[in-house]
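Working notes, beginning with the structure itself.
What follows draws every value from the coordinates through simple rules; no lab data is involved. Small disclaimer: the values here were computed from a predicted structure and weren't measured. Methodologically, a virtual Cβ is constructed for each residue, glycine included, from the backbone with ideal geometry; neighbour enumeration extends over all protein chains shown.
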Amino acid sequence: MASLATEWPGLAQQAAQDEVSFADFLEKLLNRELAARKQRKRATLLKLATMSAVKTLEQFDWNAGSGAPKVPIPLDVAHHSGMISPTVPI
């Protein structure tokens, strides 16, 4: 409950000024704690995954991976796998 210590004073003061019920104050405080825990969990899982920061499509290196060699698919395999419609002439 690390964020409770930091969130408590500000939320308590705001609740007193707004004359918020204790139940509403407690709900808001616990929701903040829950959000902080989720954020810490995401950060920890990202570190454990050894992934770098999130990248956008513009930052992605499209030439980095060579992948599998691109060989043509034989027509009989394409036809039997449903890749080519039997009603469309080749």
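Of note:
- Spin-label model, residue 2/residue 61: points 7 Å from Cα along the beta carbon direction are separated by 3.2 nm.
- The alpha-carbon of residue 47 sits under 30 angstrom from the alpha-carbons of these lysines, leaving out residues fewer than 8 places away in its chain: 28, 38, 55.
- Cross-link reach list, aspartates and glutamates versus residue 41, counting only Cα pairs under 14 Å and skipping chain neighbours closer than eight places: 33
- One chain, two ends: residue 50 and residue 24. Fully extended at 0.36 nm per residue, the span grows by 5.4 nm beyond their Cα-Cα distance.
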